[in-house]
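Have a look at the structure below before the remarks.
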Amino acid sequence: LLGLRDAGLAVRGCDVWPDPRTWCESLGVPADGSPEATARQVDVLVVCVPPHATAAVVAAALVASPDVVVLDAASVKLPVVDEVARRAGPDAARFLPGHPLAGAERGGHDAAEAELLRGAPWAICPPPVDGDRPLEPLVTVAPVLEALDARLLACEADEHDDALAASSHAPH
């Protein structure tokens, strides 16, 4: 959020908890209390929630707005992709699974750093839709990723998960 705002993009926050919304508003950033409300206000929604909650939030946003494209940042992809497809049906075609390969040991709005994702590689795992891989979600999300100077790494969701299991998740 901070990195995108500092890059000159119009941003909007969202959290079910009031403290992060108050923090956003103290920065002059409007904030909503539900992903559905935010999805109706933006073109691209970047979902940054724990992996176990990602699919539900993504699906709720996709179903709430027929125009929004959703990019996630969860560190696992295949279970999220499968559950979004199950929950959102045809709306899942507007979901672009992603994962910035950067981060810090602290989380939450109090630990926010505008430069955290600047120049980071992003694994992008576009799922097939009816045997094809549509480019529209990536084209829509491209300005957001470009604003962060993201370096894209296209891969399959299962390949991403196997690589992260060995290189990142195992040490934890």
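The values are calculated or read from the model by the stated rules, or taken from the named source; none is laboratory data. Remember, predicted model here, so these are calculated numbers, not experimental data. Cβ atoms come from the backbone with ideal geometry, glycine included; neighbour counts cover every protein chain shown. Each accessible area value is taken on the protein alone, full model and side chains, heavy atoms only, with ligands, DNA and RNA left out. Shrake-Rupley method; radii C 1.70, N 1.55, O 1.52, S 1.80 Å.
Using θ = phi - 60° and the Karplus relation 6.51 cos²θ - 1.76 cosθ + 1.60, list the HN-Hα couplings for region 43-60 in order, rounded to whole Hz, with x at every Gly or Pro.
Along region 43-60, the couplings run 8, 10, 10, 9, 8, 10, 10, x, x, 5, 9, 4, 4, 5, 5, 4, 4, 4 Hz.
Of all DSSP beta bridges located in the chain, what percent are antiparallel, nearest 5?
Taking every DSSP beta bridge within the chain, about 25 percent pair in antiparallel fashion.
I'd like the distance between the alpha-carbon centres of region 81-97 and region 47-67, rounded to an integer number of Å.
When both Cα centres are located, 9 Å separates them.
Which whole-Hz ³J(HN,Hα) couplings does region 143-155 yield from phi under the Karplus relation 6.51 cos²θ - 1.76 cosθ + 1.60, θ = phi - 60°, glycine and proline marked x?
My calculation for region 143-155 gives x, 5, 5, 5, 4, 9, 6, 5, 10, 7, 10, 7, 7 Hz in order.
Among Val81, Leu148, Pro127, pick out the residue whose Cα is farthest towards the positive end of the charge dipole of the chain, where Lys and Arg carry +1 and Asp and Glu carry -1 on C-beta, about the Cα centre.
Leu148
Label points 7 Å out from Cα along the Cβ direction at Glu156 and Val129: separation in nm?
It is 2.1 nm.
Would you mind checking which residues have amide H under 5 Å from Asp72's amide H? H placed 1.01 Å from N; only 5 or more apart, or other chain.
Amide H to amide H, under 5 Å and 5 or more residues apart or across chains, Asp72 pairs with Val47, Leu96, Gly98.
If you roll a 1.4 Å probe over the heavy atoms of the protein chains, what accessible area per residue do you get for the chain, in Å²?
54
Given a 1.4 Å probe and every protein chain left where it sits, what share in percent of the accessible area of the chain is carbon and sulfur?
Working: 5000 of 9210 Å².
Carbon and sulfur: 54 percent of the exposed surface of the chain.
Could you calculate the contour length gain from Ala165 to Ala104, that is, 0.36 nm times the residue separation minus the distance between their Cα atoms, to one decimal place in nm?
Answer, rounded to one decimal: 20.2 nm.
Could you list which residues have their amide H under 5 Å from that of Ala31, counting only those 5 or more apart in sequence or on another chain, with H placed in the peptide plane?
Counting only residues 5 or more places away or on other chains, the set is Gly13.
Suppose the chain between Val16 and Glu115 were pulled fully straight at 0.36 nm per residue; how much longer would it get relative to their current alpha carbon spacing?
Separation in residues times 0.36 nm, less the Cα-Cα distance, equals 33.2 nm.
Using modelled amide H (1.01 Å from N, peptide plane; none on Pro or chain starts), what sits under 5 Å from the amide H of Ala150, excluding residues fewer than 5 places away?
Gly119
Might you report the magnitude of the Cβ-based charge dipole of region 1-154 about its Cα centre, with Lys and Arg at +1 and Asp and Glu at -1, to the nearest 20 debye?
160
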